[in-house]
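Structure first, then comments.
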């Protein structure tokens, strides 16, 4: 009888320890989930700020490029950074918007060439960058 009582006591103690361990694990998991959610939110906010900065940079570089003060590659790089930030955030039609902006860069490069404020290299860079960046963006999305 004493053995059964000791066995029952040990079993009860083991159950108590196991339930305490499960509760600790659940609390740790909840804490990790909360930390993960906060990190995701912080990352989202960071990318939203990066995208806002990319929009401002693109607008500034396009004004300078249109005035013939910058080469095409500077406007192309600003457009590419805006595309990247938009894709990370899952902005609808990010690739279509990129293509529209790249088309504008191409037309400005051609106009600048006619006005002799641009070069053939600017036109070639604008044309190839448009196709290369779109292909890369689609391939990255397909890989995800």
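Within segment 129-144, being free of Cβ contacts under 8 Å to residues at least 24 places away in the same chain and surrounded by 12 or more Cβ atoms within 10 Å (Cβ to Cβ) holds for 132, 136. Can you tell me which of 81, 100 is under 26 Å from residue 141 (Cβ atoms), at pLDDT 80 or above and in contact with a helix residue (DSSP H, G or I) (Cβ under 8 Å, 6 or more places away or on another chain)? When all the criteria are applied, what remains is 81.
The values are calculated or read from the model by the stated rules, or taken from the named source; none is laboratory data. What you see is a predicted model, and the numbers here were worked out from it, not measured in a lab. Note that we place each Cβ from the backbone using ideal geometry, even for glycine, and neighbour counts take in every protein chain shown.
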